[in-house]
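Below is one structure, written out as structure tokens; comments come after it.
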Amino acid sequence: MEKKWQRDIKVTSIQRIGERNGKVRIIETEMLKIFNEDRTHIGEATREEVHRLGHWHEVFHCWFVSREDEVDYLYLQHRCSMKKDYPDLLDITAAGHLLAHETVEDGVREIKEELGIALSFDELVSVGVMEDCATMENFIDKELVHLFIYKSTNPLSDFTLQKEEVSGIVKVKLEDFEKLWFGPIEEIHIQGFEMNDLGQHVTVDQYVGRDRFVPHETSYYEGLIQSIKRELK
């Protein structure tokens, strides 16, 4: 299996359990459902335990897509430069962990929190569950990804971003995105906006390469692109 990489963890509930050399060790205490290799629910564990022991757990991914003048576009989130992991890189339009008390339908909250777009679950198109694994030092991330597509008609002016998480939204032609990962091109054209320190929208119009993206396995992008093509036929 191709190597996966750690993605950022959103800490909303923490517990201080010790201090050494002035550094506070922070343990995540939000509870997640855990699953075995057959995807059978076997209990619950804290986020810290989930990532330390490598339990399978559920996450929500939603990619915005649109069709404009017969051209298909994919929307990308620009991660805040202050984030601990993968700052200032491009990634999934909206994503997050599903907590133990939540259903898959509750994942739609991530869209409202990060993007300021209020959607109902019925507006999303489910494309199934994908396994997404990452292993690094002291971190084993084994995700069961509930993958969704939203066929957006929202102008960029509709997005109100959670500045601690997201610094901008851009779009790219789906055809170019596919060629970047599976074809001959080294850069793609992105257009959208960034928020400056005053909360104002600043236009983005530039070319970026693979090094500007949070890394994913090729199989993840392959499944995503094929699903989008199927839904936008």
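Only residues that are of a type in the set (A, V, I, L, M, F, W, C) and part of a loop (DSSP other than H, G, I, E, B): list them for the stretch 50-109, please.
80, 82, 89, 92, 98, 99, 100
Here are some residues: 149, 169, 140. Which one is open to solvent by 40 Å² or more (accessible area, probe 1.4 Å), on the phi < 0 side of the Ramachandran plot and part of a strand (DSSP E or B)?
On the way: 149 fails: open to solvent by 40 Å² or more (accessible area, probe 1.4 Å); 169 fails: open to solvent by 40 Å² or more (accessible area, probe 1.4 Å).
Answer to the selection: 140.
Output the residues belonging to the stretch 62-92 that are open to solvent by less than 10 Å² (accessible area, probe 1.4 Å) and among the aliphatic types (A, V, I, L, M).
The answer is 65, 74, 76, 90, 92.
All but one of (1) open to solvent by less than 60 Å² (accessible area, probe 1.4 Å); (2) part of a helix (DSSP H, G or I); (3) at pLDDT 95 or above hold for residue 193, so report the exception by its number.
(2)
Being open to solvent by 10 Å² or more (accessible area, probe 1.4 Å), of a type in the set (A, V, I, L, M), out of contact with any Gly (no Cβ under 6 Å at 6 or more places or on another chain) and without any contact (Cβ under 8 Å) to a residue 24 or more places away in the chain narrows it down to one residue among 118, 45, 95; which is it?
Details: 45 fails: open to solvent by 10 Å² or more (accessible area, probe 1.4 Å); 95 fails: without any contact (Cβ under 8 Å) to a residue 24 or more places away in the chain.
Among 118, 45, 95, only 118 is open to solvent by 10 Å² or more (accessible area, probe 1.4 Å), of a type in the set (A, V, I, L, M), out of contact with any Gly (no Cβ under 6 Å at 6 or more places or on another chain) and without any contact (Cβ under 8 Å) to a residue 24 or more places away in the chain.
State which residue is nearest to residue 49 (Cα to Cα) when the search covers only the stretch 126-137 and only residues that are part of a strand (DSSP E or B) and not aliphatic (A, V, I, L, M).
It comes out as 135.
How many of the residues making up the stretch 172-188 are open to solvent by less than 40 Å² (accessible area, probe 1.4 Å) and assigned to a strand (DSSP E or B)?
Result for the stretch 172-188: 2.
Just checking, does the stretch 191-207 include any residue being under 17 Å from the mean Cα position of the chain (by Cα) and in contact (Cβ under 8 Å) with a residue 40 or more places away in the chain?
First, pick out the residues of the stretch 191-207 that are under 17 Å from the mean Cα position of the chain (by Cα): none.
No, the stretch 191-207 has no match at all.
Would it be correct to say that residue 162 is part of a strand (DSSP E or B), open to solvent by 40 Å² or more (accessible area, probe 1.4 Å) and either under 28 Å from residue 57 (Cα atoms) or modelled with pLDDT of 95 or more (or both)? Write out each step before concluding.
Details: part of a strand (DSSP E or B): no; open to solvent by 40 Å² or more (accessible area, probe 1.4 Å): yes; either under 28 Å from residue 57 (Cα atoms) or modelled with pLDDT of 95 or more (or both): yes.
Judged against the criteria, residue 162 is not a match.
The values are calculated or read from the model by the stated rules, or taken from the named source; none is laboratory data. Every value quoted in this text rests on a predicted model; they were computed, and no experiment measured them. Backbone-built Cβ (ideal geometry, glycine too); neighbour counts: all protein chains shown. Accessible surface is based on the protein model in full, side chains and every heavy atom, while ligands, DNA and RNA are left aside. Shrake-Rupley method; radii C 1.70, N 1.55, O 1.52, S 1.80 Å.
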